[in-house]
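J.: Let me give you the structure first, and then I'll get to my questions.
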Amino acid sequence: MDLVETVIEDARWEAFGLAALAERAGRAALAAVGLPVEGFQVSLMGCDDARIAVLNADFRGKPQPTNVLSWPSEERGAEFVGEVPEAPEPGEAEDPESLGDIAIAYETCAREAEDQGKPMVDHVTHLIVHGVLHLLGYDHVEEEDAAVMEAIEVRILASLGVSDPY
C-alpha cells in the first residue's frame, strides 16, 4: 500500500509526476524521523492557485494562494518549544493511521521555483517533506522550532539529492 494517496485536481500535476515524487518524499520524511512507512497514510491534493486560495481563506483567513497547506489528523506538536514532537503510533497495514492532508498549488510552486532559480522538482520535494513534517507535529512559528524543523528538512532533502533550500 502507498504511503501517499494522491488526488490530482490539476492535470499539470499528473504530467509532473506528483504521485511518485510525493511517495518518495513522504517515505524519506518518515524514515528520517524513525517511523515505518507501513501503518501510516497521507492524503495529498495537487491543485491550482484558485483552489488553494479558497482553502487558505476557509482555514487560515488568508484569501490568496499559497504553495502548500497541511491539516494534521490530530494535534501532534511538541510539548515544549525546541523539542521534537512525540512520534505517532502506526496503524495496521490494512488500516493505516492517517497523518492528515496536504494540498499543493501548481502555479505558486512553479513561480517560486523560477524565482528561486531551482528545479521545480526540488522545490516541490521540499514542500512535500515540509508538509509531512507538519502532519507529524513539527512547526516553525517559534525560532527554536524552526531550527529543529529546518535541520530535519535539510537532512531529508540531502538523502533525496536535493540541495539545502535554506
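J.: If I filter region 1-37 down to residues being among the charged types (D, E, K, R) and outside any helix (DSSP H, G or I), which single residue comes out as farthest from HIS123 (Cα to Cα)? Spell out how you get there, then give the answer.
T.: Looking only at region 1-37, we keep the residues that are among the charged types (D, E, K, R), and these are 2, 5, 9-10, 12, 14, 23-24, 27.
Next, from what is left, pick out any that are outside any helix (DSSP H, G or I): 2, 5, 9-10.
On the way: ASP2: 22, GLU5: 20, GLU9: 19, ASP10: 18 Å.
Looking at the filtered set, the residue picked out is ASP2.
J.: Name, by its number, the condition in (1) free of Cβ contacts under 8 Å to residues at least 60 places away in the same chain; (2) buried (at least 17 other Cβ atoms within 10 Å of the Cβ) that does not hold for VAL7.
T.: VAL7 satisfies every listed condition except (2).
J.: Would you point out the residue of region 38-85, among those that are outside any loop (DSSP other than H, G, I, E, B) and of a type in the set (Ser, Thr, Tyr), that is surrounded by the most Cβ atoms within 10 Å (Cβ to Cβ)? Step through it out loud before you land on a result.
T.: Here is the first cut: in region 38-85, the residues outside any loop (DSSP other than H, G, I, E, B) are 40-47, 49-60, 68-72.
Okay, now just the ones that are also of a type in the set (Ser, Thr, Tyr), so 43, 70.
Numbers: SER43: 17, SER70: 21.
Filtering region 38-85 for residues that are outside any loop (DSSP other than H, G, I, E, B) and of a type in the set (Ser, Thr, Tyr), the one surrounded by the most Cβ atoms within 10 Å (Cβ to Cβ) comes out as SER70.
Bear in mind these aren't lab numbers, they're just calculated from the coordinates by the rules spelled out. It should be emphasised that the depicted structure is a prediction, and the values quoted were computed from it without experimental measurement. With ideal geometry, Cβ positions are generated from the backbone for all residues, glycine too; neighbour counts draw on all protein chains shown.
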